[in-house]
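The values are calculated or read from the model by the stated rules, or taken from the named source; none is laboratory data. Quantities reported herein were computed from a predicted structural model and do not represent experimental measurements. All Cβ positions, glycine included, derive from the backbone under ideal geometry; neighbour counts span all protein chains shown. Remember, those area values only see protein heavy atoms, side chains included, never the ligands or the DNA or RNA. Shrake-Rupley method; radii C 1.70, N 1.55, O 1.52, S 1.80 Å.
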Amino acid sequence: MSNGIERTAVVIGGASGIGWATAQALAAEGCRIVIADLNGDAAQIRAAELGTPHSAATVDVTDEDSVASLFDRLGPLDIAVNCAGFSNVGLITEMPAEDFRAVIDVCLNGAFIVAKHAGRHLRDGGSLVQISSLNGRQPAAGMSAYCAAKAGLSMLTQVAALEMGPRGIRVNAVAPGFVHTPLTAAAASVPGVVEDYVDNTALGRAGTPEDIANAVVYLCAPGSSWLTGEVLDINGGAHLKRYPDVMGHVMRLVEQA
């Protein structure tokens, strides 16, 4: 991907799951990686695993000063990848407003803040990739905040692509289906959830962080130089079927407790 020229990439949320797989994949392509994460200690450990010349930083995507400081310290960049996110479960009529806001703050407001400051620091011809979700197109009972945030991220991606296009900066998103990561561990622990996901995936398996990382690498490579404003579904064909009844599985577990 680098054609012998070292490129600099920051991976936000890079200390675990999809972010860590992405950092490793970009490093294998010759990029100098900065792993930025809310858990700064974990980021340091991951950067040490990659070795020289890779480094680590602490960042909170909900704090604009934190994000601005990160990008100001890094200077000009070629690639920015934002993997920060989380979800919760609760019916709209029962969910505290602060729980809804918390997801929106990380998954949508945080994505905006990252796009804002990445756009100021990416070199002309650079690439910004954000991690969206199957829930950006498929609704799920009990996941109103996450679905709304990821649907909003899809439109944010397209607007950013329009605005940054004149500088040759490409802005895209990757929308995973169910992937085994620390983020999905709680859902995966509920009996029936993983089986329901797999049954509703055309290729009949859950994803891996490496599946998503490979897509991110493609979106950052010269081979995708005419691709921007895209939300790339990487979900094994799950968007062709129905979304699993996650809330139903959770409620059955609660009733059995």
Q | Charge tally in the Cβ shell below 11 Å around Ser55, where Lys, Arg are +1 and Asp, Glu are -1, Ser55 excluded | A | +3
(Q) Can you give me the orientation-averaged projected area of the convex hull built on the Cα atoms of the chain, in nm²? (A) 13.6
Q: Can you find, among Ile79, Thr62, Val89, the residue farthest towards the positive end of the dipole of region 1-94? Put +1 on the C-beta of Lys and Arg, -1 on that of Asp and Glu.
A: Ile79
Q | GNM flexibility winner over the chain from Thr22, Thr52, Thr62 (Cα, springs under 10 Å) | A | Thr52
Q | Total formal charge among the other residues, if their Cβ is under 11 angstrom from that of Thr8, Lys/Arg +1 and Asp/Glu -1 | A | +1
Q | Relative contact order [Cα under 8 Å, 6+ residues apart], region 1-77, whole percent | A | 26
(Q) If the elastic network links every pair of Cα atoms under 10 Å, which of Ile212, Ile92, Ile18 fluctuates the most in the Gaussian network model of the chain? (A) Ile92
Q.
Pairs of alpha-carbon atoms within less than 8 angstrom and 6+ residues apart define the contacts here; what relative contact order does the chain have, in percent?
A. 19
Q | Solvent-accessible area per residue, Å², over the chain with all protein chains present [probe radius 1.4 Å] | A | 45
Q: Within the set of other residues whose C-beta is less than 12 Å from the C-beta of Arg32, count the net charge using Lys and Arg as +1 and Asp and Glu as -1.
A: -2
Q) Using a simple charge model, +1 on the beta-carbon of Lys and Arg, -1 on the beta-carbon of Asp and Glu, nothing else, what dipole does region 192-257 show about its Cα centre, in debye to the nearest 20? A) 60
Q | Order by protection proxy (mean Cβ within 10 Å, highest first), peptides 239-252, 34-47 | A | 34-47, 239-252
Q: For the chain, set up a Gaussian network in which alpha carbons nearer than 10 Å are linked by springs, and say which option among Ser55, Ser189, Ser16 fluctuates the most.
A: Ser189
Q. How many angstrom separate the Cα center of region 220-257 from the Cα center of region 88-149?
A. 14
Q) Any idea what angle helix 110-121 forms with the longest principal axis of the chain, computed on alpha-carbon atoms, 0 to 90 degrees, nearest 10? A) 10
Q) Put +1 on the Cβ of each Lys and Arg and -1 on the Cβ of each Asp and Glu in the chain; which of Pro209, Pro166, Phe178 then has its Cα farthest toward the positive end of the dipole? A) Pro166
Q. In debye, nearest 20: dipole of region 12-141 around its Cα centre with unit charges on the Cβ of K, R (+) and D, E (-)?
A. 400
(Q) At 7 Å along Cα-to-Cβ for each site, give me the label-to-label distance between Glu6 and Leu253 in nm. (A) 4.5
Q | Only Lys, Arg (+1) and Asp, Glu (-1) charged, at Cβ; the chain dipole about Cα centre in debye | A | 580
Q) Against the longest alpha carbon principal axis of the chain, how many degrees, from 0 to 90 and to the nearest 10, is the axis of helix 209-220 turned? A) 40
Q) If you take the charge dipole of the chain about its Cα centre, with +1 on Lys and Arg Cβ and -1 on Asp and Glu Cβ, which of Gly229, Ala27, Val193 is farthest toward its positive end? A) Gly229
(Q) Relative contact order for region 1-148: what percent, with Cα pairs under 8 Å and sequence separation of 6 or more? (A) 23
